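The structure appears below as structure tokens.
The values are calculated or read from the model by the stated rules, or taken from the named source; none is laboratory data. Remember, predicted model here, so these are calculated numbers, not experimental data. Methodologically, a virtual Cβ is constructed for each residue, glycine included, from the backbone with ideal geometry; neighbour enumeration extends over all protein chains shown. Just so you know, the surface numbers come from the protein's heavy atoms only, side chains and all, with ligands and any DNA or RNA stripped out. Shrake-Rupley method; radii C 1.70, N 1.55, O 1.52, S 1.80 Å.
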Amino acid sequence: MPTAKYFKQVPPFPSGLPLAPLQKLSLKKLQDADEQESASLFRAAREWGFCLIDLQSSAQGESLLQLAEKMFDLTTKTFALDYDELLRHAYNPPHDLTGYKRKGVLKTDDGKVDCMELYTVNQDDIVGNKPARSNAEPIEANRATIKQFIEQSHGVVDVVALQLERQLGLQPGAISSLSPLHEASDTSIRLLHAQPQSAKHREFITLGGHTDIDTITLLFNVVGGMQILPMGEERTGDKWLYVQPAPGHVIINFGDTLVEWTGGLLRTSLHRVVAAPGPQSSVIRRSVAYLQRPRASASMRRLVGGRIPLIQEAEDDWGDVPVDDWAASRVRQIILGQLKPETRGGTARRVQV
Ligand SMILES: O=C(O)CCC(=O)C(=O)O
Ligand SMILES: [Fe+2]
């Protein structure tokens, strides 16, 4: 999340809401390979598939925080463009999610449609792995900043991955080497934007329940509204728990790909965005995400080694299916309603809250 400066510009997150009891870990301690912090990260990845990481008191973290603020400013500028101009950069699902997604095109669990605008920028485009695309003007004008944001985000994901590798008993780099910065992948930056909610829209789901398809997501938000569904609960019920944004922290979210690679040791959790709570619903809600995907040539095959369970004969394995084919078929199945994303992998909470 950006620093306190951005939090002071919006009404406070209200008290008394049901909160997800997510761990707050320290980037500095993870960089120092602190034994306890590393074990806590692994527990969070297994029990919730989510945690918060304090980026302060680490030079790398502070640098990412400053860049995240610039990305919030970029979000403001991008969604201030004329609607027609945004539509000129419309995305083209399921194969190409780059560009602008208008609100109202995704079904939500309450039988309505989403009200979140997205603008997706491709890592390959910005770092030069592929020929440059033509993006909306504010994106083009800020290529250098976006590149720095990507580099710092990639670095922080590597710190997290190294501790996961250690806890899983894998060689250092077993996970991170599958997502190198300078090889083609579907890694992206997503800018998200939701209008203030009028009183009659307060019950609306802004972005429906989903799991992230990627390996690891870094998510920055200031205004609340994101919720996680605890394991075993019904998505249509009222058991969703809010994630309270914290200044100086980033939300980490483990995605479907890591669950496949680890044979279900790690967890991917259903999450969604609803109208911002209480007085926060009167302001625009912005978020910024870095969604890391493996290099295009990687496969969905389960990793071998350490604590990762061996594939049993009766079990399905993705074998050599390339990550992008797997992801595209998953997106297609979700759009057609043949597949409902669900919380998968990991373990039940040890402590009831
Ligand atoms: O805006 C948010 O807080 C969550 C966004 C999200 O889950 C996503 O972009 O995948
Ligand atoms: Fe998500």
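Couplings for segment 14-31, taken from phi via the Karplus curve 6.51 cos²θ - 1.76 cosθ + 1.60 with θ = phi - 60°, read x, 8, x, 8, x, 10, 6, x, 7, 6, 10, 9, 10, 4, 4, 5, 5, 5 Hz in order; Gly and Pro are left as x.
Counting only protein chain heavy atoms and rolling a 1.4 Å probe, the accessible areas of Ser185, Ser177 rank, largest first, as Ser177, Ser185.
The residues Lys103, Lys340, Lys147, sorted by heavy-atom accessible surface at 1.4 Å with ligands and nucleic acids left out, run Lys340, Lys103, Lys147 from largest to smallest.
Leaving out ligands and nucleic acids, note down the accessible area per residue over segment 4-304 with a 1.4 angstrom probe, in whole Å².
39
Close amide H partners of Val113, meaning residues 5 or more places away or on another chain with modelled amide H under 5 Å apart, are Thr108. 3J(HN,Hα) couplings calculated from phi for segment 245-250 with the Karplus curve 6.51 cos²θ - 1.76 cosθ + 1.60 (θ = phi - 60°) are, in sequence order, x, 10, x, x, 10, 10 Hz; Gly and Pro show x. Label positions at Ser297 and Ser15, each projected 7 Å from the Cα along the C-beta direction, are separated by 5.6 nm.
Compute the FRET efficiency between Lys70 and Lys103 as 1/(1 + (r/R0)^6), taking r as their Cβ-Cβ distance and R0 = 30 Å, and round to the nearest 0.05. So the FRET efficiency works out to roughly 0.75. Estimated purely from DSSP H runs of n ≥ 4, each contributing -39500 (n - 2.57), the mean residue ellipticity at 222 nm for the chain is -8500 deg cm²/dmol once divided by its residues.
The alpha-carbon of Lys8 sits under 23 angstrom from the alpha-carbons of these lysines, leaving out residues fewer than 8 places away in its chain: Lys24, Lys70, Lys77. Within the chain, the whole DSSP H helices whose Cα atoms reach 20 Å or more along their own axis and whose mean Kyte-Doolittle score is at least -1.0 are 59-79, 143-168. Look at the alpha carbon pairs under 8 Å that are at least 6 residues apart: their mean separation over the length of the chain gives a relative contact order of 24 percent. The HN-Hα couplings worked out from phi for segment 110-121 by the Karplus form 6.51 cos²θ - 1.76 cosθ + 1.60 (θ = phi - 60°) are 8, x, 9, 10, 5, 10, 10, 8, 10, 10, 9, 10 Hz, whole numbers, x standing for Gly and Pro. Given a 1.4 Å probe and the protein chains as shown, Met116 ends up with an accessible area of around 0 Å². Annotation: amide H-H contacts under 5 Å for Gly49 (H modelled 1.01 Å from N, sequence separation of 5 or more, or interchain): Arg267. The Cα trace of the chain gives Rg and Dmax of 19.0, 56 Å, the first to one decimal, the second as a whole number. Maximal additional length on extending the Glu234-Glu35 stretch stands at 68.1 nm, based on 0.36 nm per residue less the C-alpha distance.
FRET efficiency for the Gln312 to Lys77 pair, using the beta carbon distance and R₀ = 45 Å, is estimated at 0.30.
Carbon and sulfur together cover what percent of the accessible area of segment 4-304 at a 1.4 Å probe radius?
For segment 4-304, the apolar C and S fraction of the accessible surface comes to 50 percent.
Put simply, the amide H of Val283, placed in the peptide plane, has neighbours under 5 Å in Gln197, leaving out anything fewer than 5 places away on its chain.
Charge tally for Lys28 (other residues, Cβ to Cβ under 12 Å; Lys, Arg +1; Asp, Glu -1): -4. Taking only the C-alpha atoms of segment 158-246, the Rg (one decimal) and the largest Cα-Cα distance, Dmax (whole number), read 17.3, 53 Å.
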